[in-house]
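**Student:** Before I ask anything, here is the structure I am working with.
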Amino acid sequence: MFNESGIYLHLLFNEKNIYCEEFEQVVLGLLIIDSEIRNYYISDYTKDSFNNKHHQIIFSIIEQLHNENEEIDLLDIIFKLDDNDRLKEIGGSDYIVSIMDISTK
């Protein structure tokens, strides 16, 4: 399973302007499933930390829920994206599930 090393590598890649879609997916998954990692690292990120526009949208939802002290899990992200008419835009719930699969390997 990926852990903080995935976050660290993504931050390092961002500093060097190196894009890796899988690292972006790992970071998003970790921010969703691990509240300790989210609480520690979310301030290191903005939506612009992600090159993929779908990932920017997903991060914005994670950040919004975090700032509102709301629960954050897979279903919360999917419902919030759907409420904002953004779920189809990012590839649907299947894409969010695929991010979670990558993050838990």
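The values are calculated or read from the model by the stated rules, or taken from the named source; none is laboratory data. The shown structure was predicted, so the numbers you read here are calculated from the model rather than taken from an experiment. Just the protein is used for accessible areas: all its heavy atoms, side chains included, with ligands, DNA and RNA removed. Shrake-Rupley method; radii C 1.70, N 1.55, O 1.52, S 1.80 Å.
**Student:** If you roll a 1.4 Å probe over the heavy atoms of the protein chains, what accessible area per residue do you get for segment 26-105, in Å²? Provide the component values of the computation, followed by the final result.
**Tutor:** Values: 4340 Å² over 80 residues.
Per residue, segment 26-105 has an accessible area of 54 Å².
**Student:** Another question, then. Just the Kirkwood number for segment 16-105, please: inverse of mean 1/r across all distinct Cα pairs, in Å, one decimal.
**Tutor:** Across segment 16-105, the inverse of the average 1/r is 12.9 Å.
**Student:** Can you give me the % of accessible surface on segment 11-82 that is carbon or sulfur? Probe 1.4 Å, all protein chains present, nothing else counted.
**Tutor:** Ligands and nucleic acids excluded, carbon and sulfur reach 44 percent.
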